[in-house]
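Taken together, the values in this text are just the output of simple stated rules run on the coordinates, not laboratory data. Note that the coordinates shown come from a computational prediction; the quantities given were computed from them, not determined experimentally. Note: ideal-geometry Cβ built from the backbone for every residue, glycine included; neighbour counts use all protein chains shown.
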Amino acid sequence: SGQIRPLVAGNWKMNGMKASAAEFGKIMAGAGDLWPKTDLMICPPATLAVTFAAVAVGSKVEIGGQDCHAKPSGAHTGDISAEMLADAGCKAVIVGHSERRADHKESNADVKAKAEAAWRAGLTAIVCVGEQRAERESGKTLDVVGGQLAGSLPDGATVANLVVAYEPVWAIGTGLTPTPADVAEVHAFIRKTLVGRFGAAGAGVRILYGGSVKPSNAKELLTITDVNGALVGGASLKATDFLGIAEVY
Ligand code: PEP
């Protein structure tokens, strides 16, 4: 990972109530010790993003959204734009999470449009890619990830505006993880792809691993070459677990 500063981002998914501010407070309290070595981010549900962003001002935790619409505003009931997330104090937004690709049938083209929306609003796009179990078992992982990168990443990536998260679908929320060798292979492939497409910027874009990261496996998974941090689901809901993961750097 060289001089790239790692990012450990927590995806709370559809979890969290007002009372979760206490757990978020513990994350903020622990973040100062980890910074400037490691950047920390929490992506809470939109209902909490505004208040979390407000209390996080001056802390070392940034707030991100979990999804955005491609358009800045309009007749799209239930959707939230990247501009709204930025207005709420978010600095980033996850796009193309496998749960969005599955639950909401989001295509690579949809994800690309959302990443472009993120950039339009001044947010970092955290673009998720990853193979399904059957794809890995049939040896198609790099083809699938390559296709997702080609289709989901807009032109114009910079070190600041793009983060790529490699999240094997079969590893999300299952307790299963790829071997370190398999993680290394995919991250090296993503790095090569980013450099080929974006040149020097591609060499500095952070590539996160996601899928059942917890404190006990964080060291093994997150210190692999070209793994520049983690996208953490379940374990990000508990401050001690989330901070325990970030402490490996
Ligand atoms: C995720 O959904 O981004 C994720 C990595 O989930 P978990 O850590 O719970 O596997």
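Quick look at the numbers
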read-out	value
Entirely in the range 133-221, the helices (runs of 4 or more DSSP H) that have 3 or more residues that are free of Cβ contacts under 8 Å to residues at least 12 places away in the same chain, surrounded by fewer than 19 Cβ atoms within 10 Å (Cβ to Cβ) and not aromatic (F, W, Y)	133-137, 180-198
When residues of the range 222-240 are limited to those that are within 10 Å of the ligand (Cβ to nearest atom) and in a helix (DSSP H, G or I), the one farthest from L34 (Cα to Cα)	G234
Members of the range 1-36 found to be of a type in the set (G, A, S) and assigned to a helix (DSSP H, G or I), listed by number	A19, S20, A21, A22, G25, A29, G30, A31, G32
Hits in the range 106-130 (condition: within 16 Å of the ligand (Cβ to nearest atom), aliphatic (A, V, I, L, M) and either free of Cβ contacts under 8 Å to residues at least 60 places away in the same chain or not in a strand (DSSP E or B) (or both))	V111, A125, V127
